[in-house]
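The values are calculated or read from the model by the stated rules, or taken from the named source; none is laboratory data. Since the model is a prediction, treat every value here as computed from it, not as a measurement. Heads up, the Cβs are rebuilt from the backbone with ideal geometry, glycines too, and the neighbour counts pull from every protein chain shown.
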Amino acid sequence: MPTIKIESEKCKGCSLCIDVCPYELIRQERTINHQGYQYVVLADPEEQCTGCTLCALMCPDICIEVFK
Amino acid sequence: MKQVFAKPKALNDEIMHYCPGCGHGVAHRLVAEALDHYDITGRTVGVAPVGCSVLMYDYFNCDIIEAPHGRAPAVATGMKRSRSDLIVFAYQGDGDLASIGLAEIVHAANRGENITVIFINNTVYGMTGGQMAPTTLLGQKTTTSPYGRNFNTDGYPIRMAEMLAPLEGTTYVARMSLDKPVNILKARKSVFKAFEMQINNVGFSFVELLTICPTNWGMDSMESIKRIQDEMIPYFPLGVFKEKETEDYI
């Protein structure tokens with residue numbers, strides 16, 4: 001199944017990927033990473049991710065990898 | 001499972017120091033993808049500006065040379081003239097390129113130096129704390145224009161792409177935006193084209209990228225993206241303003 005991998009230590013929680021995901025599969029965690037930011041995670045229990053790469057295109061910290 | 005999106009090889013694994021949402025990360029990625037695509041990382045020299053991206057040598061796997069404030073096109077000219085086998089690009093912000101380095105960029109473009117210039121336009125001086133830049137929009141509040149930019153005292157925002165396009169020396173001039181995925185893909189195409197122009201020895205190529213600066217605009221990332229679409233793109237229209245072919249040049 002297509003999926004994405006987010007490097008939580010690099011994420012700065014800018015939320016650009018959250019807004020751009022057509023299925024709203026990305027959400028912000030309540031905990032913070034070592035940089036002090038609330039990082040984002042993929043919440044995709046029904047495996048809806050299509051690997052469209054929109055989130056990865058928007059990510060300014062290049063911490064999203066997409067597999068298809 | 002096949003990996004369809006990965007970090008370009010021309011960038012290393014260092015965590016970037018930019019603020020959350022800053023457009024420099026995407027701009028770096030586009031440049032790095034161009035270096036990967038043409039397989040020129042080993043013979044590329046970048047020229048870093050003074051500004052937020054002053055530390056870009058930490059992130060790229062190619063050589064980066066540091067230039068005095070605004071003088072990146074002059075340094076790139078010297079580098080390219082002394083080593084014409086190298087690929088040289090200058091990466092500058094709007095305070096660096098459009099204000100203090102205006103003479104350097106205009107004359108480098110007019111001479112038709114065979115270099116590539118990537119211009120990041122976020123309408124403020126970012127690193128020094130959000131002061132008014134030549135590209136600051138009318139009415140925009142910054143730390144040095146607390147009542148908004150007024151054309152009576154501060155003049156009008158400068159459109160660099162339109163200014164450089166009529167010069168005979170330029171071969172490729174474009175303005176793109178990094179506000180949404182479709183525009184990022186168009187911007188990638190433009191950056192690739194700019195490097196292709198240099199590889200084919202056609203001449204001076206210039207790509208302006210509209211980016212967000214959430215910290216100095218006092219907005220969150222989503223409001224900043226909306227501001228690009230509502231305020232910046234109407235004043236700074238997107239598109240390719242000039243594209244010469246190799247035959248035209250010769």
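Evaluate the following for A:K68: is it in contact with an Asp or Glu (Cβ under 8 Å, 6 or more places away or on another chain) and either at pLDDT 95 or above or not hydroxyl-bearing (S, T, Y) (or both)?
On the way: in contact with an Asp or Glu (Cβ under 8 Å, 6 or more places away or on another chain): no; either at pLDDT 95 or above or not hydroxyl-bearing (S, T, Y) (or both): yes.
It is false that A:K68 is in contact with an Asp or Glu (Cβ under 8 Å, 6 or more places away or on another chain) and either at pLDDT 95 or above or not hydroxyl-bearing (S, T, Y) (or both).
If you filter region B:185-223 down to residues that are more than 18 Å from the chain's Cα centre (by Cα) and of a type in the set (S, T, Y), you find that the one that is surrounded by the most Cβ atoms within 10 Å (Cβ to Cβ) is B:S221.
Which members of region B:101-122 meet the condition of being polar (S, T, N, Q) and touching a Leu at 6+ places or on another chain (Cβ under 7 Å)? Spell out how you get there, then give the answer.
Taking region B:101-122 first, the residues polar (S, T, N, Q) are B:110, B:114, B:116, B:121-122.
If the condition is that a residue be polar (S, T, N, Q) and touching a Leu at 6+ places or on another chain (Cβ under 7 Å), then B:N110, B:N121 are the ones that fit.
Each residue in region B:210-234 was checked for being under 18 Å from B:A27 (Cβ atoms), in a loop (DSSP other than H, G, I, E, B) and not hydroxyl-bearing (S, T, Y), and 2 pass.
Scanning region B:160-209 for residues that are under 22 Å from B:D94 (Cβ atoms), in a loop (DSSP other than H, G, I, E, B) and away from every other protein chain (no Cβ under 14 Å) returns B:A165, B:P166, B:L167, B:G169.
Only residues that are within 14 Å of another protein chain (Cβ to nearest Cβ), in a loop (DSSP other than H, G, I, E, B), more than 15 Å from B:F89 (Cβ to Cβ) and among the small types (G, A, S) were counted across region B:9-60, and they come to 2.
Every condition in (1) acidic (D, E); (2) exposed (fewer than 15 other Cβ atoms within 10 Å of the Cβ); (3) more than 10 Å from every other protein chain (Cβ to nearest Cβ) is met by A:E9 except one, and the failing one is (3). Here region A:13-67 is the region considered, the condition is being surrounded by 19 or more Cβ atoms within 10 Å (Cβ to Cβ) and touching a residue at least 60 places away in the same chain (Cβ under 8 Å), and the residue that is nearest to the other protein chains (Cβ to nearest Cβ) is A:V66.
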